[in-house]
1. If Ala45 satisfies all but one of (1) in contact (Cβ under 8 Å) with a residue 24 or more places away in the chain; (2) surrounded by fewer than 22 Cβ atoms within 10 Å (Cβ to Cβ); (3) in a loop (DSSP other than H, G, I, E, B), what's the number of the condition it fails?
2. Can you run down the residue pairs with Cβ atoms below 6 Å, 6 or more apart or on separate chains, where the first is in segment 157-183 and open to solvent by less than 10 Å² (accessible area, probe 1.4 Å) and the partner is part of a strand (DSSP E or B) and small (Gly, Ala, Ser)?
3. Here is a check on your reading of the model: is Gly13 assigned to a helix (DSSP H, G or I) and either of a type in the set (Ser, Thr, Tyr) or open to solvent by less than 10 Å² (accessible area, probe 1.4 Å) (or both)?
4. Output the residues belonging to segment 77-113 that are open to solvent by 20 Å² or more (accessible area, probe 1.4 Å), assigned to a loop (DSSP other than H, G, I, E, B) and touching a Pro at 6+ places or on another chain (Cβ under 8 Å).
5. Restricting attention to segment 138-156, and to residues there that are assigned to a strand (DSSP E or B) and in contact (Cβ under 8 Å) with a residue 24 or more places away in the chain, which single residue is farthest from Val128 (Cα to Cα)?
6. Would you be able to say whether some residue in segment 21-31 is in a helix (DSSP H, G or I), in contact with a helix residue (DSSP H, G or I) (Cβ under 6 Å, 6 or more places away or on another chain) and surrounded by 19 or more Cβ atoms within 10 Å (Cβ to Cβ)?
7. Of the residues Val210, Val237, only one is in contact with a helix residue (DSSP H, G or I) (Cβ under 7 Å, 6 or more places away or on another chain), surrounded by fewer than 19 Cβ atoms within 10 Å (Cβ to Cβ) and either at pLDDT 95 or above or not in a helix (DSSP H, G or I) (or both); which?
Amino acid sequence: MKIVVIGGTGLIGSKLVKNLRERGHDVLAASPNTGVNSITRVGLAEAMDGAEIVVDVANAPSWEDKAVLEFFETSGRNLLAAEAAAGVRHHVALSIVGSERLPENGYFRAKVAQENLIKASGIPYTIVRATQFFEFVGGIAQSATVGEEICLSPALIQPIASEDVVAALADLTLAIPVNGTVEIAGPEAMPLDELVRRFLRATQDTRKVVPDVHARYFGALLDDQSLTPGKNPRLGVIHFEDWLGQSTAQAGR
């Protein structure tokens with residue numbers, strides 16, 4: 001079975017391509033680096049030729065509000081048109097838990113727009129909403145840093161390892177389209193400030209985390225439902241502490 005992974009050379013995409021190939025499928029890692037561009041449409045029709053499933057894990061190159069919206073809307077329209085012409089029978093897209101609950105964040109608004117295009121396309125689909133990745137915690141800390149202090153909300157977050165995201169994506173890609181949304185999350189929820197505090201401790205970072213219920217998360221105010229899944233999510237198996245230990249060990253080699 002031919003599967004096209006849009007964004008197939010990135011953090012999630014490269015791991016997903018490997019996973020699906022190991023399961024015996026013909027997988028095309030599609031990205032501008034491999035000659036497939038969902039914005040300019042270069043190589044897009046050729047990539048879709050004979051494809052049964054398309055998985056979109058592409059990420060926008062810019063987080064600026066207007067640019068990120070244009071990216072996901074343009075890419076989404078081009079992909080779905082090419083898929084319709086090629087007779088693709090399952091469109092899978094990676095999105096974010098809580099996107100519709102944080103409209104102050106331009107990236108989240110753009111992901112909602114992308115999801116709406118998919119739902120209106122007529123192509124059978126599965127939208128996979130993941131919580132924040134463990135791999136992004138350092139970036140979260142940096143975004144909230146002023147001097148030697150990191151001001152963060154104590155609202156709950158339930159982050160997930162990229163390996164668990166890939167495992168769920170692979171299973172859902174090969175399953176029957178749900179024509180709806182599946183949420184995936186890590187095995188445990190914890191306050192956002194505590195998550196970053198654990199990360200700093202493990203990486204021997206001396207910055208101080210200051211909890212503040214009014215602190216904004218990439219422009220958005222949080223509560224305990226903002227970054228956590230709803231009922232019956234698929235849970236990953238990798239705990240943050242275990243991932244931290246493995247990551248710091250690898251960094252120290």
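The values are calculated or read from the model by the stated rules, or taken from the named source; none is laboratory data. Source: prediction; values computed, not measured. Every residue, glycine as well, gets a Cβ built from its backbone with ideal geometry; the counts of neighbours run over all protein chains shown. For the accessible areas, the whole protein counts, side chains as well, though only heavy atoms, and no ligand, DNA or RNA atoms are used. Shrake-Rupley method; radii C 1.70, N 1.55, O 1.52, S 1.80 Å.
1. Unmet condition: (3).
2. Ile160/Ala130; Ile160/Ala185; Val165/Ala130
3. Numbers: assigned to a helix (DSSP H, G or I): yes; either of a type in the set (Ser, Thr, Tyr) or open to solvent by less than 10 Å² (accessible area, probe 1.4 Å) (or both): yes.
Yes; evaluated as a whole, the condition is true for this residue.
4. Across segment 77-113, the qualifying residue is only Arg89.
5. Of the residues in segment 138-156, the ones assigned to a strand (DSSP E or B) are 145-146, 149-152, 156.
If we keep only those that are in contact (Cβ under 8 Å) with a residue 24 or more places away in the chain as well, we get 145, 149-152, 156.
On the way: Thr145: 31, Glu149: 34, Ile150: 31, Cys151: 30, Leu152: 27, Leu156: 20 Å.
Result: Glu149.
6. Filtering segment 21-31 for residues in a helix (DSSP H, G or I) gives 21-22.
Restricting the remaining residues to those that are in contact with a helix residue (DSSP H, G or I) (Cβ under 6 Å, 6 or more places away or on another chain) gives none.
So far as segment 21-31 goes, no, none of its residues is in a helix (DSSP H, G or I), in contact with a helix residue (DSSP H, G or I) (Cβ under 6 Å, 6 or more places away or on another chain) and surrounded by 19 or more Cβ atoms within 10 Å (Cβ to Cβ).
7. Numbers: Val210 fails: in contact with a helix residue (DSSP H, G or I) (Cβ under 7 Å, 6 or more places away or on another chain).
Checking each option against the conditions leaves just Val237.
Every residue, every condition in (1) within 29 Å of Gly230 (Cβ to Cβ); (2) polar (S, T, N, Q); (3) touching a strand residue (DSSP E or B) at 6+ places or on another chain (Cβ under 9 Å), yes or no:
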| position | (1), (2), (3) |
| --- | --- |
| Gly13 | yes, no, yes |
| Leu28 | no, no, yes |
| Val36 | no, no, yes |
| Ile39 | no, no, no |
| Glu52 | no, no, yes |
| Val57 | yes, no, yes |
| Glu64 | no, no, no |
| Leu80 | yes, no, yes |
| Val97 | yes, no, yes |
